[in-house]
1. Within the range 43-87, work out how many residues are modelled with pLDDT under 95, of a type in the set (A, V, I, L, M) and either open to solvent by 20 Å² or more (accessible area, probe 1.4 Å) or touching a strand residue (DSSP E or B) at 6+ places or on another chain (Cβ under 8 Å) (or both).
2. Given (1) aromatic (Phe, Trp, Tyr); (2) open to solvent by less than 50 Å² (accessible area, probe 1.4 Å); (3) touching a His at 6+ places or on another chain (Cβ under 8 Å), where does residue 11 come up short, assuming only one miss?
3. Which of (1) modelled with pLDDT under 95; (2) crowded, with 17+ Cβ neighbours inside 10 Å is the odd one out, the single condition residue 28 does not satisfy?
4. Within the range 14-23, which residues are under 14 Å from the mean Cα position of the chain (by Cα) and either open to solvent by 100 Å² or more (accessible area, probe 1.4 Å) or modelled with pLDDT of 80 or more (or both)?
5. Any residue in the range 90-110 that is of a type in the set (Gly, Ala, Ser), open to solvent by less than 50 Å² (accessible area, probe 1.4 Å) and free of Cβ contacts under 8 Å to residues at least 12 places away in the same chain?
6. Within the range 1-36, count every residue that is under 20 Å from residue 90 (Cβ atoms), free of Cβ contacts under 8 Å to residues at least 24 places away in the same chain, among the hydrophobic types (A, V, I, L, M, F, W, C) and not in a loop (DSSP other than H, G, I, E, B).
Amino acid sequence: MRFDEQVQDYWNKRSQGFAQVRRRELASTDAEAWRRFILSYLPQGKDLVILDVGTGTGFLAILLAQSGYHVVGLDSSAHMLKQAQESAAALDVHVQFCQGDAQRVAFPDGAFDVIVTRN
């Protein structure tokens, strides 16, 4: 098994438990602290398109979409992305989640105003 397949397999297996932790975090005061921290670095009053690389279960992507930004969440794990979609839907938030390799992103240069990642 190739290394990238091993990584996907690892996160696919952990996706459900990891999603439970992140859902609790989204409902906690930690989410607001993360939001304030990230927003302090973003230009105010601009309609930004943001890429969340390695989005996992979508924690940052969801926070940023809740803040009014257009967000794309990229991850290599299909199971993590499924959990991210479920979390976003439960919170009535729109994020475009897509599967792909964070080391070889398939987006054209300049497609995003901001790129974020966590962990």
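The values are calculated or read from the model by the stated rules, or taken from the named source; none is laboratory data. On a predicted model such as this, the values are computed, not experimentally measured, just so you know. With ideal geometry, Cβ positions are generated from the backbone for all residues, glycine too; neighbour counts draw on all protein chains shown. Surface areas here come from the heavy atoms of the whole protein model, side chains and all, with no ligands, DNA or RNA. Shrake-Rupley method; radii C 1.70, N 1.55, O 1.52, S 1.80 Å.
1. 1
2. Exception for residue 11: condition (2).
3. Result: residue 28 passes all but (2).
4. Passing the criteria: 19, 22, 23.
5. Scanning the range 90-110 turns up no residue that is of a type in the set (Gly, Ala, Ser), open to solvent by less than 50 Å² (accessible area, probe 1.4 Å) and free of Cβ contacts under 8 Å to residues at least 12 places away in the same chain.
6. 1
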